[in-house]
Amino acid sequence: MSNKSFARFRAISIAIFVIGAVSAGFAYSLHKRNGPQLGHRKGFTLRTRDTNTLFIPRLNPFPNEIAYADTIKYQKSDGTFKAVRTYYHATGRVVKKDITFGIPGQGVFSINNPQGPLNFLSSMPPKEKTSYVPINDGHNYPNFLRDDWVLGYQTYVLRFPDDDGGYFDMYCAPELDSQEIRGVKVGSFGVSIIEAVQITPGDPDDSVFGALPNLLVNYDFFKQKIATMEEAGQHETAQALQCQMDEQIAKQAQE
């Protein structure tokens, strides 16, 4: 897999983590207005493997070319999560490693170097909100494709078409609060798959989590997201994201 192709697929994966982490705030507000539409969040540990099959395989991979990646996501019932992703060369050598984690009331961050910086991905509501999730079978989503099964879990499949004629299918398990447990990306370069290999229900041990590292925070990823919204003409969304970032920067300045 080329670094460019894998980076694109990885960006989709990060976006899914962020969407799942912060949607509880919106769902909580709906619950307050429209009655009981929420359930208590479930804890689990999810192990997945990302693989890629090129339509035209290369005989000699580049020295740091990524062949596959393994991820373990620890999800607590209060919304706290941590996802550790390790990238491998075709020989089995570790190419790099990164961590994405969400702390209710503080935010969603990623880090790919022990010395930092922390990359700010999104704000995150407090535990009073992230402890609840919407109860949904996915059938009301405009991108709903079909129902399916993955590792014994019933899933609903959402399809997101690409401009180049490809698509991304996301398999979400209602029993795991609509967590994505399979993803299939078909594009001009080949096919990339995120596949669950083990799912363990229940809150992970607290020892796998820690406090927010005291490191410099980088906002480049979030600024890029704001710029993308502006370019797409979604000015209200861009403004809302700008307010999120401003609030986060102000909060950090006080700490």
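The values are calculated or read from the model by the stated rules, or taken from the named source; none is laboratory data. Keep in mind the model is a prediction, meaning the values are calculated, not measured. Note that we place each Cβ from the backbone using ideal geometry, even for glycine, and neighbour counts take in every protein chain shown. Side chains included, ligands, DNA and RNA excluded: accessible areas come from the protein's heavy atoms. Shrake-Rupley method; radii C 1.70, N 1.55, O 1.52, S 1.80 Å.
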Per the filter on region 216-239, residues open to solvent by less than 50 Å² (accessible area, probe 1.4 Å) and either out of contact with any helix residue (DSSP H, G or I) (no Cβ under 9 Å at 6 or more places or on another chain) or among the small types (Gly, Ala, Ser) (or both) are Asn218, Ala227, Gly233, Ala238
Single match in Asp78, Asp70, Asp98 (criterion: over 21 Å from Gly183 (Cα atoms), open to solvent by less than 50 Å² (accessible area, probe 1.4 Å) and either among the hydroxyl-bearing types (Ser, Thr, Tyr) or touching a residue at least 12 places away in the same chain (Cβ under 8 Å) (or both)):
Asp78
Could you pull out every one of the strands (runs of 3 or more DSSP E) wholly within region 1-107 that has 1 or more residues that are modelled with pLDDT under 90 and within 15 Å of Ile194 (Cβ to Cβ)?
44-54
Would you mind stating whether Ser188 is open to solvent by 60 Å² or more (accessible area, probe 1.4 Å), in contact (Cβ under 8 Å) with a residue 24 or more places away in the chain and over 22 Å from Lys76 (Cα atoms)?
yes
Can you report the number of residues in region 124-140 which are part of a loop (DSSP other than H, G, I, E, B) and more than 23 Å from Tyr171 (Cβ to Cβ)?
4
Would you check which residues across region 159-172 are closer than 28 Å to Gly202 by Cα and either more than 20 Å from the chain's Cα centre (by Cα) or touching a residue at least 24 places away in the same chain (Cβ under 8 Å) (or both) and list them?
Asp169, Met170, Cys172
Can you pull out every residue in region 232-250 that is in a helix (DSSP H, G or I) and without any contact (Cβ under 8 Å) to a residue 40 or more places away in the chain?
His235, Glu236, Thr237, Ala238, Gln239, Ala240, Leu241, Gln242, Cys243, Asp246, Ile249, Ala250
Within region 110-123, identify whether any single residue is surrounded by 16 or more Cβ atoms within 10 Å (Cβ to Cβ) and assigned to a loop (DSSP other than H, G, I, E, B), and answer yes or no.
yes
Restricting attention to region 195-215, does a residue exist that is among the hydrophobic types (A, V, I, L, M, F, W, C), at pLDDT 95 or above and within 30 Å of Ile56 (Cα to Cα)?
yes
Across region 142-153, which residue is least open to solvent (accessible area, probe 1.4 Å) among those that are out of contact with any helix residue (DSSP H, G or I) (no Cβ under 8 Å at 6 or more places or on another chain) and in a strand (DSSP E or B)?
Val150
Residue by residue through region 81-129, note down the ones that are among the hydroxyl-bearing types (Ser, Thr, Tyr) and in contact with a strand residue (DSSP E or B) (Cβ under 6 Å, 6 or more places away or on another chain).
Thr86, Tyr87, Tyr88, Thr100, Ser110, Ser122, Ser123
Contact list, first residue from region 82-94 and among the charged types (D, E, K, R), second anywhere and in a loop (DSSP other than H, G, I, E, B) and open to solvent by 20 Å² or more (accessible area, probe 1.4 Å), beta-carbon distance below 8 Å, six or more apart or interchain, is Lys82/Phe209
Which condition number in (1) of a type outside the set (A, V, I, L, M, F, W, C); (2) in contact with a strand residue (DSSP E or B) (Cβ under 8 Å, 6 or more places away or on another chain); (3) open to solvent by 50 Å² or more (accessible area, probe 1.4 Å); (4) free of Cβ contacts under 8 Å to residues at least 24 places away in the same chain is the one that Tyr156 fails?
(3)
